[in-house]
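These notes are about the structure you will find just below.
The values are calculated or read from the model by the stated rules, or taken from the named source; none is laboratory data. Treat the numbers as computed from the prediction; the structure is a model and nothing was measured. Heads up, the Cβs are rebuilt from the backbone with ideal geometry, glycines too, and the neighbour counts pull from every protein chain shown.
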Amino acid sequence: MGLNRFAVGDRARRLPGRSGLTALLPTTVALVSLASLLLLVQTSRVTSAGYDIERLQEIREEWKQKNYQLEYEIDALKALPRIEQEAVTRLNMTSATQYVYLKVDMPSQAKSMPEIHPPTYVESELENKPAGWWGKLLRFFTLWKDIAKST
Amino acid sequence: MLGPPEKRSWRLAALALVLCGSTIALILRLAQLQIAQYEEYRQQAQDEHWSRQSILAHRGRIKDATGYTLASTITVYDVFVHPNASPSPKSATNTARTLAPLLDMPAEEILGALSKPGEEAILVKAGVCYDSGKKIAELRLPGVQCVEASKRLYPEGNLGAPLLGFVGKDNWGLTGIEADFNQELAGVAGTLVFEQDSTGMPIPLGFRQMTPPKDGADLVLTIQRYIQTLVERELDKAIKKHKASGGTIIVMEPKTGAILGMASQPTFDLTKLDLRDSADMELYRNRAITDMYEPGSIFKIVTISAALEEKKVNPKTTYQCGGRVYKYGATISTWNYAAHGQETITDLLKNSCNVGAAWVADLLGKEKLYEYIKRFGFGQPTSIGLEGESGGKVRTPTDEGWTPIDLLTNAFGQGISVTPMQMITAVSAVANGGLLMRPYVVKEAISPKERHVFEPVVVRRVISAETSRTMTDMLRQVVEEGGGKPAEVPGYHLAGKTGTADIPQAGGYTSKGTIAGFCGYGPVEDPRFAILVKIDQPKDTPWAGEVAAPIFKSIAQQLLTYMKIPPASAAVAQQRN
């Protein structure tokens, strides 16, 4: 083996251009291998992602179906016969047999309006409050706004 | 060894012939396979290689006007077993034991199905709930197959059965709204196409294309579940009380034509449906739109409205009723053969006088009466949007067999056939100020992408607002002072008219009872509902005033409370009990 290696090396030294080829071959093989590996990795990732998507789609479908089932259960609980049964058997309710209508005077517009509570502070109180640098800044902008308004 | 040359050449020739023949046969066979049967084998190869699965679209729900679900769909599984598919009796026993708790049935029964001779798959249980079905499918038991299916459920029970209709095993609407709006409800099934290996599993990185299904739209009806329950109960109660053969009740919103409740009997039970029983076929139709009957005196509303509109009479116009009148070769008599004497047109309605109605029709003339009958929508379907609707039967002077006596009898609802839907639509036109509305039961179709709203449609103006007001006042008097008194609700002003009609048969009328009807609306100040009650062949009493009017009263009373309509007079209302 050692002899052969020597011989090849010797031949390479003797034949100019061969050395470039010998260097190119492993590089090409390495590059092709790397590319194949990358492709393989990529392919396996895509495959695995495909399976993941399929699995997730199945899970989504499963939840969708369970949702329909739950919606039906809610509808069944809200059904009129069930409510009536609950009212009669559990709450001991009975159907109304007598209706009494009472005439109620409509409240006047003013009376029906909610009472307006005055503010719990006065503006001057706000002005007298001790202010730090931010207070001064705020006042500056308020002043600026007032100036802008007046112009 | 080789033999003489002539003999050799013969052998060679024979060999060449055989070879040529074989080659030709081979070529022909190849041609047959590759050219003549190309399509067949290509299809076979494709079927082996490609899998095409259909993805069911979710059928839309049917809801009432207040948003409560009347029909919805869930996914279930049908579990089949393939007999003799288990590798060993022990395996079959294990399969049966595993399945038993999931299917909630004895293991022996499943084992029996698994051990049955034959090749055909046996349905062990249909409609297995989604969770259990999924678990069974994931277990991959030998000889067990789970097939996805849909199940239509009715949370409100048997509410509105003839209106809603039902779907077949394939989830396709067969009757009622399920059939009429099948296109909207069913949606569009999706497809999944992929390359598969020899075991039927998808090939990784192979071609895969999925067209997702388009779920069906939800339908919102104009029906309100409270009103529907109310009319169904009242109809059921009345049929039992009067031992009637059937009946129909419709509640309509006069201003829009929206149907708030619609019940008819005899009918079927949605929750106990058995499509194998052909005797039930009779029960599947919606009698409110398909069945015709002679409306009797309710039809006087149409006759008097026409005469008022044409200014031939007014409420105070008088005529003489002698109890009977002979005209055009026939005798017309009052319903109780009593002579009402001199009476006004309002009295005519209050007493339900046939002689008076015939007199008005004669005064109006055949052209005008039939023109108004047509304008009120009789003789043609109302276009409610439901299949199987009948248009009724109106014989006009241009039709064969019409005689002048028809003019007189038609005036009080005899010799003319209408559907309950036509009758309530016509009375609603009188109630709402004179506009004939197109009745409708579907308010909205809501799909994931769009919302289609069905608006009320005015067909035409049939009478003026003034005539409508006059008629309403006259019909109010019928309820408060006339034959419709049993329909009166204290504290409220309601309008209506009774109608006791004979049942026609070949060559005359049957003696086996009458049809007792009442059609009215209220409150007269602002009509919010119109109710038609029709009871077929009541056994205890034939009269509409005793059978149909009290049903109208009961429904109206509950509707007034449900719709939160205050009484016209609080003082009167306090006396109600």
For B:Pro101, the lone unmet condition from (1) exposed (fewer than 14 other Cβ atoms within 10 Å of the Cβ); (2) within 14 Å of another protein chain (Cβ to nearest Cβ) is (2)
Residue pairs qualifying under the 9 Å Cβ cut-off, at least six apart or on distinct chains, with the first in the range A:22-49 being away from every other protein chain (no Cβ under 14 Å) and the second being surrounded by 10 or more Cβ atoms within 10 Å (Cβ to Cβ), are A:Thr22/A:Val8; A:Thr22/A:Ala12
Out of all the residues in the range B:488-499, is one or more out of contact with any Leu (no Cβ under 9 Å at 6 or more places or on another chain), in contact (Cβ under 8 Å) with a residue 24 or more places away in the chain, closer than 28 Å to B:Pro381 by Cβ and not aliphatic (A, V, I, L, M)? yes
If we ask which residues in the range B:284-325 are touching a residue at least 60 places away in the same chain (Cβ under 8 Å) and either outside the structural domain of B:Asn354 (by TED's automatic domain parsing) or of a type in the set (A, V, I, L, M) (or both), their number turns out to be 9
- Message: So for the range B:187-199 (the condition being of a type outside the set (A, V, I, L, M, F, W, C), surrounded by 14 or more Cβ atoms within 10 Å (Cβ to Cβ), assigned by TED's automatic domain parsing to the domain that holds B:Lys63 and farther than 28 Å from A:Tyr51 by Cβ), does at least one residue qualify?
- Response: yes
Those residues of the range B:117-154 that are without any contact (Cβ under 8 Å) to a residue 60 or more places away in the chain, within 14 Å of another protein chain (Cβ to nearest Cβ) and over 30 Å from B:Tyr68 (Cα atoms) come to a total of 2
Restricted to the range B:408-449 and to residues being free of Cβ contacts under 8 Å to residues at least 60 places away in the same chain and more than 20 Å from B:Pro381 (Cα to Cα), the residue farthest from the chain's Cα centre (by Cα) is B:Gly433
The correct count of residues that are assigned to a helix (DSSP H, G or I) and in contact with a helix residue (DSSP H, G or I) (Cβ under 8 Å, 6 or more places away or on another chain) in the range B:408-428 is 8
Just one listed residue, out of B:Ile250, B:Ile177, is over 26 Å from B:Leu275 (Cα atoms), touching a residue at least 60 places away in the same chain (Cβ under 8 Å) and buried (at least 19 other Cβ atoms within 10 Å of the Cβ), and it is B:Ile250
B:Leu435 vs (1) touching a strand residue (DSSP E or B) at 6+ places or on another chain (Cβ under 7 Å); (2) surrounded by 24 or more Cβ atoms within 10 Å (Cβ to Cβ); (3) of a type outside the set (D, E, K, R): all pass except (2)
Condition set surrounded by fewer than 22 Cβ atoms within 10 Å (Cβ to Cβ) and either touching a strand residue (DSSP E or B) at 6+ places or on another chain (Cβ under 6 Å) or more than 14 Å from chain A (Cβ to nearest Cβ) (or both), scope the range B:155-170, selection nearest to B:Ile289 (Cα to Cα): answer is B:Phe166
Taking the range B:134-154 and keeping only residues that are closer than 24 Å to A:Lys64 by Cβ, touching a strand residue (DSSP E or B) at 6+ places or on another chain (Cβ under 9 Å) and assigned to a loop (DSSP other than H, G, I, E, B), one is left with B:Tyr154
Of the residues in the range B:52-85 that are buried (at least 17 other Cβ atoms within 10 Å of the Cβ) and of a type in the set (Ser, Thr, Tyr), the one that is farthest from B:Glu119 (Cα to Cα) is B:Tyr68
Across (1) farther than 30 Å from B:Glu455 by Cβ; (2) in a loop (DSSP other than H, G, I, E, B), B:Arg42 clears everything bar (2)
Only one of A:Ala131, A:Ala49 is outside any helix (DSSP H, G or I), at pLDDT below 90, farther than 30 Å from B:Tyr492 by Cα and among the aliphatic types (A, V, I, L, M), namely A:Ala131
* Does B:Tyr130 satisfy the condition of being in contact with a Cys (Cβ under 6 Å, 6 or more places away or on another chain), within 28 Å of A:Ile59 (Cβ to Cβ) and either of a type in the set (Phe, Trp, Tyr) or surrounded by fewer than 18 Cβ atoms within 10 Å (Cβ to Cβ) (or both)? -> no
Review point. In a strand (DSSP E or B), in the same structural domain as B:Thr500 (by TED's automatic domain parsing) and charged (D, E, K, R) - does that describe any residue in the range B:335-352?
Key: yes
Within the range B:185-207, residues β-branched (Val, Ile, Thr) and within 11 Å of chain A (Cβ to nearest Cβ) come out as B:Ile203
